[in-house]
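Inspection log for the structure reproduced underneath, given as structure tokens.
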Amino acid sequence: MARILVTGGAGYVGSHTCKALANAGHQPIVYDNLVHGFRAAVQWGPLEIGDLLDQERIDQVIKAHRPEAVVHFGGYIAAGESVNEPGLYYHQNVTGSLALLEAMRQNDLKTIVFSSTAAVYGDPEFTPIPEDHPLKPINPYGHSKLMVEQVLADHAHAHGTSYAALRYFNASGADPEGEIGECHDPETHLIPLVIHAALGIRDKLTIFGTDYDTPDGTAIRDYIHVADLASAHVAALDHLMSGGASTAINLGTGNGYSVREIIECVQRVTGKPVPHVEADRRPGDPPILVADARKAMDVLSWKAKQSTLDDLIANATQWERGGRHFPLAKAG
């Protein structure tokens with residue numbers, strides 16, 4: 001059993017990865033400031049409260065638990081918000097990652113799996129998008145993640161760190177067993193917003209952009225089940241801890257669905273209509289993001305197994321109908 005420090009482990013993908021780590025025989029140690037995470041999501045190991053920018057606190061936690069590797073989710077993730085608040089994103093995502101890496105260096109901790117994003121590709125020149133596609137982010141969120149990837153490469157060269165930068169596409173769904181799920185405040189991800197409109201949790205859905213160069217005019221994304229993402233982080237960790245080379249890898253399904261197709265699927269799964277209105281495009285949103293996911297299979301022997309659209313929407317709907325209890329347990 002390996003002890004794994006999981007920054008942002010009280011959040012959406014982080015908490016699902018903690019469950020996957022525990023199921024694989026590892027001991028996750030969550031480091032989270034609970035600004036966007038929830039105590040109730042930390043169920044498979046200890047919680048250490050602290051900010052990613054607090055290098056002294058990170059150092060204390062590393063010394064107390066002596067983890068053998070890090071899985072790094074801590075940071076801000078809303079692309080649209082990053083356009084309006086770029087300083088916040090560079091400070092939290094880049095400066096925070098630098099503090100983490102320096103604490104790792106001082107404690108001779110050399111293995112890290114990093115939560116990156118398909119936003120590093122920007123508006124793609126072609127799809128599906130392979131890892132060697134030009135890296136041209138179009139929003140501060142994508143730029144901040146790409147900067148951290150470069151920092152990781154430089155640390156690997158200078159200090160012998162081994163890393164996997166996992167560029168995942170649209171995280172979706174909820175734990176199939178219903179123990180944890182997606183809960184953002186405010187919620188910005190499409191699938192829960194569509195489900196909220198269907199279930200009456202919100203009045204209506206807003207479709208941002210109906211004039212994209214796509215078959216139905218709405219943006220197309222590659223939606224991957226959060227449980228599949230979690231298993232990929234475990235596979236990447238195992239790859240590095242067994243001596244595998246540092247790498248950047250896409251996590252996706254290779255299939256894209258438009259906003260209108262998501263609405264149709266939610267209506268089919270829930271049996272309810274989705275009231276919606278149309279609005280202008282949001283800044284920083286490319287028309288199509290679909291992964292070429294072959295490298296994940298070649299390097300990690302991993303592929304998405306639970307990411308059929310009906311399955312991930314059914315799991316997400318089960319979670320929403322269960323009451324989305326995390327906000328009641330959130331620590332301030």
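The values are calculated or read from the model by the stated rules, or taken from the named source; none is laboratory data. Bear in mind that the values here come from a model prediction, so they are computed numbers and not experimental data. Here Cβ is always computed from backbone atoms with ideal geometry, including for glycine, and neighbour counts include all displayed protein chains. We work out accessible area using only protein heavy atoms, side chains counted, and drop any ligands, DNA or RNA first. Shrake-Rupley method; radii C 1.70, N 1.55, O 1.52, S 1.80 Å.
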Scan around Gln27 for amide H atoms under 5 Å from its own, H built in the peptide plane at 1.01 Å from N, and keep only partners 5 or more places away or cross-chain. Ala2, Arg3, Ile4
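Given Cα positions, please report Rg to Rh for segment 113-224, the hydrodynamic radius being the Kirkwood one. Walk me through the numbers before you get to the answer.
Values: Rg = 17.2 Å, Rh = 16.6 Å.
Expressed as Rg/Rh, it is 1.03.
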Return the sequence-ordered ³J(HN,Hα) values of segment 265-276 in whole Hz as given by the Karplus equation 6.51 cos²θ - 1.76 cosθ + 1.60 applied to θ = phi - 60°, using x for Gly and Pro. 5, 4, 4, 5, 6, 8, x, 10, x, 10, x, 8
Provide Asp211, Asp54, Asp32 ordered by accessible surface of protein heavy atoms (probe 1.4 Å), highest first. Asp211, Asp54, Asp32
Karplus 3J(HN,Hα) series, Hz, for segment 150-164 with 6.51 cos²θ - 1.76 cosθ + 1.60 (x for Gly, Pro): 5, 4, 4, 4, 5, 5, 4, 5, 7, 10, x, 5, 10, 9, 10
Solvent exposure of the chain as accessible area per residue, Å², 1.4 Å probe: 41 Å²
Point-to-point label distance, Glu56-Asn84, nm (Cα→Cβ direction, 7 Å offset): 3.5 nm
Interchain or long-range residues, amide H under 5 Å from Ala165's placed H: Phe114, Thr247, Ala248, Ile249
What residues qualify as long-range amide H neighbours of Val71, i.e. H under 5 Å apart, gap of 5 or more or another chain, H built at 1.01 Å from N? Leu5, Val6, Thr7, Val113
Both in Å, the radius of gyration and Dmax of the C-alpha trace of the chain are 18.8, 56
Using the basic label-point model (7 angstrom from Cα toward the beta carbon), what is the Gln306 to His157 distance in nanometres? 3.9 nm
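Using a probe of 1.4 angstrom, how much of the accessible area of segment 212-332 is carbon and sulfur, in percent? If you can, show how the numbers build up before the last one.
On the way: 2710 of 5490 Å².
Its accessible area is 49 percent carbon and sulfur atoms.
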What are the ³J(HN,Hα) couplings of segment 293-309, residue after residue, when phi is run through the Karplus curve with 6.51, -1.76, 1.60 and θ = phi - 60°? Round to Hz, x for glycine and proline. 9, 5, 5, 4, 5, 5, 8, 9, 6, 10, 8, 5, 10, 10, 9, 5, 4
